[in-house]
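A.B. asks: Mind looking over this structure? Questions follow.
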Amino acid sequence: MRELLTSLGLLVLLSFAVFVGVDLLPGDPVTARLGATASPARIAEVRAHLGLDRPVLERYGSWVVGVLQGDLGVSASGRPVASMLSDRVGNSVLLSVVTLVLLVPLSFGLAVWAAWQRSADRVISGGALLLVSVPEFVVAGALVLVFAVSLRWLPAVSLVPVGSSPLSTPSVLVLPVLSLLLVGLAYAVRVIRSSAVGVLASPHVEFMWLNGASRRDVLRQAVLPAVLPVAVQVWLVTGVGFVGGAVLVEKMFGYPGIGELLVSSVRTGDLPVVQALVLIIGAAMLGALVLADWAVVLLTPRLRVAR
Amino acid sequence: MSRDVGAGGAADLGAGGAAGLGAGGAAGRDGLARDAASAGDAGRAGVVSVAGDADRAGAVSVAGGAVSPEVRAGGAVSPEVRAGGAVSRDGQAGAEVPRDGGSPATQRTRRHRQDRAARPEQDGKAWQRRLVAGLKRGWWPLALLTLILIAPELAPHAATDVVGLPYSTQGLLGTDHLGRDVLSRLMHGGRPMVLTSLAAAALGTGAGTLIGLVAAWWRPFVLRPWDAVAAVPGILVLLLVLTAMPNRAGIVFAVALASVPLSARVVHAAAAQVIGKAHVEHAKVRGERTAWILGREVLPLIGTTVLADLGLRFVMAVYLVAAAGFLGLSTMSSDWGLLVVEALPGAALQPVALLAPVVGIAVVAVSANRVADRVGEWA
Amino acid sequence: MSLNRRDVLRLAGVGALLTACGGAPGAAPVQNAVVEARRGGTLRAVFTGGGAAESIDPFAGGSPVDFVRNDVIYDALFALRGAAVEPALALSVTPGPSSFELKLRPDVKWHDGKAFTAEDVAYSLKYMCSPDRPYPTQLGAYFDVAGVRVVDPLTLVVPTSRPVGDPALFLAAFPAKIVPNGFTGASAVGTGPYRVTAFEAGREARLERFEGHWAGSSPADSLVLLSLSDPAAKVNAVSTGQADFAGDIPFTTAKTGVPGFEVRTAGASARTSFGFVLNATKAPFNDPRARRAVRLGIDRAALVNSVLLGYGTVGNDLLCAGAKYFTAREPLKRDVDQARKLVSEAGLSGASVTFRSAEWEIGYNASTQLVAEQLKDIGLTVKPQIVGPAEFFEPSAVAAADAVAFSSGPSALAVIYGRISGFPPLALGDKEFDTAFGRAIASASEAERASAWETAQNVMYDRGNTVVWGLADVLSLARREVAGVDVRDQPKYPYLGKAGLA
């Protein structure tokens, strides 16, 4: 409970910092929108119309009041923020969840396999190190080139018909998911693998071997319990990281998530949209942290008792 | 029942074994020495650091000491958590962690831990010796660094010189979309990229170290506000800061800002162990100033942790700098991230212009990852 | 170390692939021809989108896909066809000294079946000029929309706040789509050839043929307009069969070619002018010699070859190439010695100037960097000031810069020069120009307008502050079957009302 409260406090802190910070940015949504040749009088008029001429603290105050009433405000483009976000947040979450569902077994399997078998380790660890070292837009670009442009197996862009979820045309999900998966996998495998290596190298496991324990026993009684808490943390946080961190991948595939919106709203200084997105991503991340804490406690019997 | 015992045992021992290998090694063992934070706190620490890294970069870093607090908590509260912590910290050691527990490296480290416990004062020197030895072994990253830094002086053309038609095969690597020599731009682009990343990493780790030390010395809650920063993906921090400061200083600041929460956690975790040690208590009793104690008694003992963290922040910086270029936020005249972005539209016309900087980035990142791994092993 | 090597090998594999699919360099673009499309079928076209900021309100969206979409949902009173003005929802206009009278087309129906009347026009004029609109029209500077008087259901009188000689051109050239009385932007009801069946900002709009269109119904049964922001993604969408047509594609795509598809060009009369506007309000470019030195010092051909990859031609420093009243003149030849002399006469040798740019359109930053290199030769140090698109037009920063990157399509001179003159740091501030500009706007006589524009452009050519180095082709990528894509005035936003599959 205390953790939730702390997280809430942090969220308020974050929203305030971003609000004031974005307000101080040189980019002005009105000038950006009206273009090169709007007269200063016209800019002032539109600013006043949007309420941008009020002091920043006053605007933050009314924003907070609005959010508490479930109103995310109106974008500088004149549209309600909630309607701009509704579908996109869902799509981004979908992308993360699908990726995560694949990431969990794959990262765990590969990592343990790498820790277990030296020959597999060279390939898996090497691949992970390489993938971790190449920018994701290069990974995504290479995937498009191979699977869409050359082989024609999959669509190059994630065009999703209006009013339907990406799930209705699953093929558009494949390449974005694969791009995110490769990036996340590289990271998760590295962390989980070394965790498993550590366990396997422990005197306890040596002792188990000496006592004639089977591979299965070692895996189930030593490796799994020790590695799982780490893995759960990695998965949870990677999953949430996908929601906000998929900006580059969403852009490359034209995926209708929040990534693009995030970039464009920050660049045009569209404060209400930035605020709403920071609030959602921040809350998701802090929530995941709390969940991860609980997961650690639940997965470690002695800790569970101590509580 | 048997499962429970197995879990506890495995975790406990696993932690010990693994701890020997990694940067935060000392932490796990000394966890007992000092009051530990609550288990929840410990779990949190580990997670938070994973968090920031999730959007890639530091990925590997998680490790750092982020996890060490868990280790510490583990000492006092629960071996299970410690297992999680120690092991995940190991992630930092990454691909090269020896798999067999009986490897000479492990044994050396274990022995070293005993030495250190006995003669903490000499530990700093031992660490320096190992660093020198390590540098000798790790000549190639240094050679690479040197090469990148002097390359601009050797480049056949200036970065902005137009030497021919766009996308021609003129010169060793051809020309780019404006007819500039790709080889020259590659040679000019390495230095700013590496220096920017280094500066950002140094600033982030430096500030993180300071905050981590203060947190360890005084109260851990000075770390809490930084959780707010850690909750924002690195790429968003970059977007926000770069919109305000669209220049090199902006990139340095953005990357540093994104690194601070992670570095602070790592350093805090490592320092918290050291501060409880006898020689530090001794110094306190002698009436030394706080700054002196932190600088002379604490910092040398956590030096490798800080260095390993620096390496990971560097990799993170390399990515964020490249991502800034990709999103059109970078305004540099030539750095590798920008070269990749500029080459993307014409990739089919001039693939080398794209591949050269990508390979450059990959080589730098792989090297930095490996160096960070190695530094971790020297602990 | 072994990893690094493996690294390189794998990437080399990708490289081999890149080269393989590059293939032979592309053939020259095909001139876009308006072939009649057959009736039926669905045309899927992809354009650069504006993300969540897109809108079916014609005065709320500012991205290419917004313009293309709203062009087929709504109609204007008059429409441009190349340089000519054609009647659309209005049949005629009678200019007077302080007002003009509009006669509307009878028997026009809205998508919801209601009849189109003068009340709709009166409402639209107020709607489009209101500051509540994210992208209001600039007609408010000329028309007194509050005083519009409806005479009968098909006639109305619009007072002007300053003399306007050719209101039809203004109503065609400025954004002035007509919306139904009481329109709020919540739902899209227009008079255009297509009506909306589904729309989501930043993704797509599904449009269906409106059988009751006054100009005859459209060939295609339906139109799907897709939004993408990444240029490579637009090309991939067509080349992998997800779309039939992509507007405004990069020159590199044309250079490589896309096997099996046509790269089409909007043609020589519909190009985009690329250049800079020099800040004539402060030193050094308040000195006509300095302005001329820049015009003599740039290497236009090199810029066209690099920035446009040769897809286009050199510019003659005058904006609005292709529009009515534009006068063709010989572009200045590069003369480094003469330019150097002018620079030293103006006392500027070694001076440093700031050129402000952002990637507002592809090519701004590249041309700024190249011009900086070229002007080194005449003794001017150019500092490219490259910023983000959001802050590009920050008034105080534009005023502080010495030059700003600029581009325009073949828009009416009244629109472009009106904008530049209305923005102090971009205005030339030349008496002769201002007088001629005023006459060109106000005169009711066609001959006098033509001569006034001639004079204004003479001034710009002689001592102006616009440097147009190139005219860029506007390219699109299409399946061979795509027909009837009509470039009316802005080649980047073609009219799809008569488009379909052949």
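A.B. asks: Hey, could you check the stretch A:142-189 for residues that are facing another protein chain (nearest Cβ under 7 Å), open to solvent by 20 Å² or more (accessible area, probe 1.4 Å) and within 18 Å of B:Ala347 (Cα to Cα) and say which is nearest to the chain's Cα centre (by Cα)?
C.D. replies: This residue is A:Ala142.
A.B. asks: Filter the helices (runs of 4 or more DSSP H) completely within the stretch B:204-312 down to those with at least 3 residues that are of a type in the set (Gly, Ala, Ser). Break it down into steps so the answer makes sense when it comes.
C.D. replies: On the way: elements: B:224-230, B:234-244, B:248-275, B:278-286.
Correct list: B:248-275.
A.B. asks: Inside the stretch C:103-115, can you point out the residues that are open to solvent by 10 Å² or more (accessible area, probe 1.4 Å) and part of a loop (DSSP other than H, G, I, E, B)?
C.D. replies: C:Arg105, C:Pro106, C:Asp107, C:His111, C:Asp112, C:Gly113, C:Lys114
A.B. asks: Another question about this same structure. Of the conditions (1) modelled with pLDDT of 80 or more; (2) closer than 30 Å to C:Ser357 by Cα; (3) away from chain A (no Cβ under 13 Å); (4) surrounded by 24 or more Cβ atoms within 10 Å (Cβ to Cβ), B:Arg313 satisfies every one except a single condition; which number is it?
C.D. replies: (2)
A.B. asks: Inspect all residues belonging to the stretch C:205-219 and state whether any of them is at the interface with chain A (Cβ under 8 Å from one of its Cβ atoms) and in a strand (DSSP E or B).
C.D. replies: yes
A.B. asks: Restricting to the stretch C:427-464, name every residue that is acidic (Asp, Glu) and open to solvent by 60 Å² or more (accessible area, probe 1.4 Å).
C.D. replies: If the condition is that a residue be acidic (Asp, Glu) and open to solvent by 60 Å² or more (accessible area, probe 1.4 Å), then C:Glu432, C:Asp434, C:Glu446, C:Glu448, C:Glu454, C:Asp462 are the ones that fit.
A.B. asks: When the stretch B:137-194 is examined, which residues are found to be in contact (Cβ under 8 Å) with a residue 12 or more places away in the chain, of a type in the set (Ser, Thr, Tyr) and not in a loop (DSSP other than H, G, I, E, B)?
C.D. replies: Hits for the stretch B:137-194 are B:Thr175, B:Ser184.
A.B. asks: Taking the conditions exactly as written (under 30 Å from C:Val150 (Cβ atoms), touching a residue at least 40 places away in the same chain (Cβ under 8 Å), out of contact with any helix residue (DSSP H, G or I) (no Cβ under 6 Å at 6 or more places or on another chain) and within 14 Å of chain A (Cβ to nearest Cβ)), does C:Ile73 satisfy them or not?
C.D. replies: no
A.B. asks: Which is more than 8 Å from every other protein chain (Cβ to nearest Cβ) and in contact (Cβ under 8 Å) with a residue 24 or more places away in the chain, of A:Leu219, A:Leu200?
C.D. replies: A:Leu219
Okay, residues lined up against (1) touching a residue at least 12 places away in the same chain (Cβ under 8 Å); (2) open to solvent by 20 Å² or more (accessible area, probe 1.4 Å); (3) over 30 Å from C:Leu169 (Cβ atoms); (4) away from chain B (no Cβ under 14 Å):
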residue: C:Asn305; (1), (2), (3), (4): no, yes, yes, no
residue: C:Tyr311; (1), (2), (3), (4): yes, yes, no, no
residue: C:Tyr325; (1), (2), (3), (4): yes, yes, no, yes
residue: C:Ala328; (1), (2), (3), (4): yes, yes, no, yes
residue: C:Pro331; (1), (2), (3), (4): yes, yes, no, yes
residue: C:Ala339; (1), (2), (3), (4): yes, no, yes, yes
residue: C:Ser344; (1), (2), (3), (4): yes, yes, yes, yes
residue: C:Ser349; (1), (2), (3), (4): yes, yes, yes, yes
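A.B. asks: What are the residue pairs meeting all of these: first residue in the stretch C:281-297, first residue under 13 Å from C:Ala351 (Cα atoms), second residue polar (S, T, N, Q) and buried (at least 20 other Cβ atoms within 10 Å of the Cβ), Cβ atoms under 8 Å, and 6 or more apart or on different chains?
C.D. replies: Short answer, once both residue conditions are applied: C:Phe285/C:Asn279; C:Phe285/C:Asn465.
A.B. asks: Within the bounds of the stretch C:452-466, is there any residue that is within 14 Å of chain A (Cβ to nearest Cβ), in contact with a Gly (Cβ under 7 Å, 6 or more places away or on another chain) and modelled with pLDDT of 90 or more?
C.D. replies: yes
A.B. asks: Checking A:Gly127 against (1) within 29 Å of A:Ile281 (Cβ to Cβ); (2) in contact (Cβ under 8 Å) with a residue 12 or more places away in the chain, only one condition comes out false. Which one?
C.D. replies: (1)
A.B. asks: Among the strands (runs of 3 or more DSSP E) contained in the stretch C:386-502, which hold 1 or more residues that are over 30 Å from C:Gly241 (Cα atoms)?
C.D. replies: In the stretch C:386-502, the matching strands (runs of 3 or more DSSP E) lie at C:403-408, C:466-472.
A.B. asks: Here's another thing I want to ask about it. Do the conditions hold for C:Ala90, that is, is it under 26 Å from the mean Cα position of the chain (by Cα), open to solvent by less than 60 Å² (accessible area, probe 1.4 Å) and of a type in the set (Gly, Ala, Ser)?
C.D. replies: When the stated conditions are applied, C:Ala90 passes them.
A.B. asks: Tell me the residue from B:Ala278, B:Ala230, B:Ala272, B:Ala322 that is crowded, with 22+ Cβ neighbours inside 10 Å and more than 12 Å from chain A (Cβ to nearest Cβ), please.
C.D. replies: Working: B:Ala278 fails: crowded, with 22+ Cβ neighbours inside 10 Å; B:Ala230 fails: more than 12 Å from chain A (Cβ to nearest Cβ); B:Ala322 fails: more than 12 Å from chain A (Cβ to nearest Cβ).
Just one listed residue meets the conditions, B:Ala272.
Rundown of residues vs (1) assigned to a helix (DSSP H, G or I); (2) on the phi > 0 side of the Ramachandran plot; (3) open to solvent by less than 30 Å² (accessible area, probe 1.4 Å), yes/no style:
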| site | (1), (2), (3) |
| --- | --- |
| A:Asp53 | no, no, no |
| A:Arg59 | yes, no, yes |
| A:Ser62 | yes, no, no |
| A:Val65 | yes, no, no |
| A:Leu72 | no, no, no |
| A:Leu85 | yes, no, yes |
| A:Leu102 | yes, no, no |
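A.B. asks: Between A:Val273, A:Val263, which is within 7 Å of chain B (Cβ to nearest Cβ) and either open to solvent by 40 Å² or more (accessible area, probe 1.4 Å) or at pLDDT 75 or above (or both)?
C.D. replies: A:Val263
A.B. asks: Which members of the stretch C:127-151 meet the condition of being open to solvent by 60 Å² or more (accessible area, probe 1.4 Å) and either assigned to a strand (DSSP E or B) or of a type in the set (Val, Ile, Thr) (or both)?
C.D. replies: Residues satisfying the conditions are C:Arg149, C:Val151.
A.B. asks: Yes or no: C:Pro175 more than 30 Å from A:Ala142 (Cβ to Cβ), under 21 Å from the mean Cα position of the chain (by Cα) and not in a helix (DSSP H, G or I)?
C.D. replies: Working: more than 30 Å from A:Ala142 (Cβ to Cβ): yes; under 21 Å from the mean Cα position of the chain (by Cα): yes; not in a helix (DSSP H, G or I): yes.
Against the criterion (more than 30 Å from A:Ala142 (Cβ to Cβ), under 21 Å from the mean Cα position of the chain (by Cα) and not in a helix (DSSP H, G or I)), C:Pro175 qualifies.
The values are calculated or read from the model by the stated rules, or taken from the named source; none is laboratory data. Model, not experiment: these values are computed from the prediction. Quick reminder, even Gly has a Cβ in these numbers, built from the backbone with ideal geometry, and neighbours come from all protein chains shown. When the accessible area is computed, the model is the full protein with side chains, heavy atoms only, and any ligands, DNA or RNA have been set aside. Shrake-Rupley method; radii C 1.70, N 1.55, O 1.52, S 1.80 Å.
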